[in-house]
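Visitor: Mind having a look at this structure? Questions to follow.
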Amino acid sequence: MAGKTINIKLKIWRQAGENKPGKFESYEVNDVSVDMSFLEMLDVLNENELKKGNDPIHFDHDCREGICGMCSLYINGKPHGPKHGITTCQLHMRTFNDGETIVVEPWRASAFPVLKDLVVDRTSFDRIMQAGGYVTVSTGGVPDANEIAIPKTVADEAMDAAQCIGCGACVAACKNASAMLFTSAKVSQLALLPQGGAERKRRALAMVEQHDAEGFGACTNTGACEAVCPKEISITHIARLNREFTRASFSGNETDYQN
Amino acid sequence: MSWQKSLSSTIGRKIMMSLSGILLILFLAGHVSGNMTLLMGKADAFNMYAHFMSTNPLVQVVANVFKLFFLAHIVYAIILTAQNKKARGGQAYKVTNKDGSQVSKYMGVLGSVIAVFLVVHLAQYWAVMHELRGEISTTTIDGVEMKDLYSVVAVSYANPMIVAAYVISMFVLAFHLWHGFASAFQTLGLNNKRYTPIIAFLGKAYSIIVPVLFGAIPVVMFLNS
């Protein structure tokens with residue numbers, strides 16, 4: 001194993017806990033294999049820190065293959081780093097130059113409070129999902145696969161929206177910390193399909209209401225979210241959410257029968 | 001959720017911004033068409049137009065409705081900006097994100113400049129026309145006595161500083177429209193593979209043509225003064 005290695009400097013946000021003051025600390029990592037992922041590089045740094053008896057840098061991660069949505073990190077001013085359409089765990093050290101200083105920050109938004117160092121609380125997304133990001137199913141026998149005809153193009157569009165892994169990069173990049181890309185992807189994936197269509201109005205209203213209650217901002221259509229989304233989800237889904245929401249707000253719907 | 005509650009949601013507020021914005025875009029088209037009479041070489045054409053606009057009862061009603069759209073656009077902008085600032089949180093990023101449309105990130109700043117321009121603009125002509133400020137002479141066209149607003153405009157556009165201020169303001173308006181026109185349709189959910197390219201093209205054309213026509217008026221009148 002005599003692959004290429006680089007030496008890098010890091011400026012990493014350290015914060016002892018929620019609502020505690022934080023600051024940037026400088027680190028150096030030498031002989032980093034360019035084939036390492038960014039998270040593996042942080043693992044090496046943490047091993048060095050542990051050997052020195054220091055508190056390791058806390059960061060979120062899980063599957064390390066770009067599908068779980070746990071990794072975050074705002075690297076050099078961009079969620080998930082400088083590359084397009086990937087998560088931080090899929091970012092390799094060959095992207096960086098020898099001697100480069102890399103600034104690593106947590107997602108910053110009122111609705112994503114920092115828990116420790118680079119770890120933020122993203123349960124606000126879970127609560128948006130709980131508000132309506134599901135289909136009410138009457139359990140019974142398994143239906144036939146092709147019982148309901150869905151055009152391929154429509155299924156593809158729904159699948160594009162369903163690719164959202166809920167990482168929060170859209171919120172992190174947005175100047176308004178708006179979670180409209182996330183919410184719209186979740187509304188879209190169901191609204192496009194017949195199974196999700198039945199509850200579309202209640203869903204759009206409830207998810208937007210929860211989005212607002214969590215303290216996310218409004219959408220200015222800057223397009224920063226779709227530019228950084230690791231799953232390349234388009235803001236056309238935000239337009240669909242707006243349509244769904246407007247239609248649900250100004251027409252009769254299933255919420256009228258409540259109470 | 002009731003529709004009243006929907007209107008105070010983030011999307012509801014953005015819809016109010018976009019609807020008032022689209023109506024103000026229409027206002028600009030009407031305003032610039034009327035003002036083209038300033039370039040017809042004769043004072044009478046513009047004075048007759050100004051007389052019609054300030055005396056026709058239907059125009060009065062429409063004008064008052066447009067005042068509401070201006071107010072709504074400004075009030076919702078202030079509410080949304082405060083809300084968005086709160087959502088972003090107290091701690092700024094050390095390195096900021098450069099993705100997305102750049103002009104869209106300065107809509108509030110551009111809008112504020114336009115609001116200041118609006119106040120000056122109203123004080124300069126609207127207040128004089130309504131005899132709240134300064135002096136205005138009268139002229140008689142076809143036996144009808146009317147206020148000579150043309151002379152007020154001509155005098156102000158003989159001042160190169162005022163001309164420069166107007167031209168700069170129109171650049172600001174152009175940038176505001178550059179994002180605002182197409183963005184208004186996206187907010188209303190009108191995003192479609194067939195129509196969005198047309199809306200985007202119209203938005204860019206509009207955001208160049210209208211400010212250029214507006215900006216040409218003081219420049220041409222200054223050169224002729």
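The values are calculated or read from the model by the stated rules, or taken from the named source; none is laboratory data. Computed from a prediction, not measured in an experiment: that's the story for all the values here. Cβ placement follows ideal geometry from the backbone for every residue including glycine, while neighbour counts extend to all protein chains displayed. Note: areas computed on protein heavy atoms with side chains; ligands, DNA, RNA excluded. Shrake-Rupley method; radii C 1.70, N 1.55, O 1.52, S 1.80 Å.
Visitor: Just a yes or no: is a residue in region A:100-114 surrounded by 14 or more Cβ atoms within 10 Å (Cβ to Cβ), free of Cβ contacts under 8 Å to residues at least 24 places away in the same chain and closer than 27 Å to A:L39 by Cα?
Guide: Looking for residues that are surrounded by 14 or more Cβ atoms within 10 Å (Cβ to Cβ), free of Cβ contacts under 8 Å to residues at least 24 places away in the same chain and closer than 27 Å to A:L39 by Cα, one finds none in region A:100-114, hence no.
Visitor: Look through region B:1-14, keep the residues that are touching a helix residue (DSSP H, G or I) at 6+ places or on another chain (Cβ under 6 Å) and among the aliphatic types (A, V, I, L, M), and return whichever of them is surrounded by the fewest Cβ atoms within 10 Å (Cβ to Cβ).
Guide: B:M1
Visitor: Quick check on my filter: what residues within region A:115-140 are assigned to a loop (DSSP other than H, G, I, E, B), open to solvent by less than 60 Å² (accessible area, probe 1.4 Å) and hydrophobic (A, V, I, L, M, F, W, C)?
Guide: A:L118, A:V135 - these are the residues of region A:115-140 that are assigned to a loop (DSSP other than H, G, I, E, B), open to solvent by less than 60 Å² (accessible area, probe 1.4 Å) and hydrophobic (A, V, I, L, M, F, W, C).
Visitor: What helices (runs of 4 or more DSSP H), lying completely within region A:172-241, carry at least 1 residues that are open to solvent by less than 20 Å² (accessible area, probe 1.4 Å) and within 25 Å of A:I148 (Cβ to Cβ)?
Guide: A:180-191, A:194-197, A:200-213
Visitor: With B:A87, B:A29 as the choices, which residue is more than 14 Å from chain A (Cβ to nearest Cβ), open to solvent by less than 70 Å² (accessible area, probe 1.4 Å) and assigned to a helix (DSSP H, G or I)?
Guide: B:A29
Visitor: State all residues of region B:173-225 that are of a type in the set (G, A, S) and in contact with a Phe, Trp or Tyr (Cβ under 6 Å, 6 or more places away or on another chain); if no residue qualifies, say none.
Guide: B:G203, B:S207 - these are the residues of region B:173-225 that are of a type in the set (G, A, S) and in contact with a Phe, Trp or Tyr (Cβ under 6 Å, 6 or more places away or on another chain).
Visitor: Being in contact (Cβ under 8 Å) with a residue 60 or more places away in the chain and open to solvent by 60 Å² or more (accessible area, probe 1.4 Å), is that true of even one residue in region B:173-190?
Guide: Looking for residues that are in contact (Cβ under 8 Å) with a residue 60 or more places away in the chain and open to solvent by 60 Å² or more (accessible area, probe 1.4 Å), one finds at least one in region B:173-190, hence yes.
Visitor: Tell me, please, whether a residue that is in a helix (DSSP H, G or I), of a type outside the set (A, V, I, L, M, F, W, C) and modelled with pLDDT under 95 can be found in region B:208-223.
Guide: no
Visitor: Check whether at least one residue in region A:49-67 is within 14 Å of chain B (Cβ to nearest Cβ), surrounded by 16 or more Cβ atoms within 10 Å (Cβ to Cβ) and either among the charged types (D, E, K, R) or touching an Asp or Glu at 6+ places or on another chain (Cβ under 8 Å) (or both), and report yes or no.
Guide: no
Visitor: Within region A:246-259, can you find the residues that are crowded, with 23+ Cβ neighbours inside 10 Å and either more than 7 Å from every other protein chain (Cβ to nearest Cβ) or closer than 17 Å to B:S183 by Cβ (or both)?
Guide: Selection gives A:A248 alone.
Visitor: If you don't mind, there's one more thing I want to ask. Could you check, for region B:138-156, whether at least one of its residues is in contact with a Lys or Arg (Cβ under 8 Å, 6 or more places away or on another chain) and either among the polar types (S, T, N, Q) or farther than 21 Å from B:N224 by Cα (or both)?
Guide: Yes, because at least one residue in region B:138-156 is in contact with a Lys or Arg (Cβ under 8 Å, 6 or more places away or on another chain) and either among the polar types (S, T, N, Q) or farther than 21 Å from B:N224 by Cα (or both).
Visitor: If you don't mind, another one. Can you pull out every residue in region A:85-99 that is part of a loop (DSSP other than H, G, I, E, B) and under 11 Å from A:M41 (Cβ atoms)?
Guide: Listed by number, the residues that qualify are A:L91, A:F96.
Visitor: Right, here's the next one. Could you go through region A:142-152 and let me know if any residue there is assigned to a loop (DSSP other than H, G, I, E, B), in the same structural domain as A:V228 (by TED's automatic domain parsing) and within 23 Å of A:N19 (Cα to Cα).
Guide: Within region A:142-152 (the criterion being assigned to a loop (DSSP other than H, G, I, E, B), in the same structural domain as A:V228 (by TED's automatic domain parsing) and within 23 Å of A:N19 (Cα to Cα)), the answer is no, since none of the residues qualifies.
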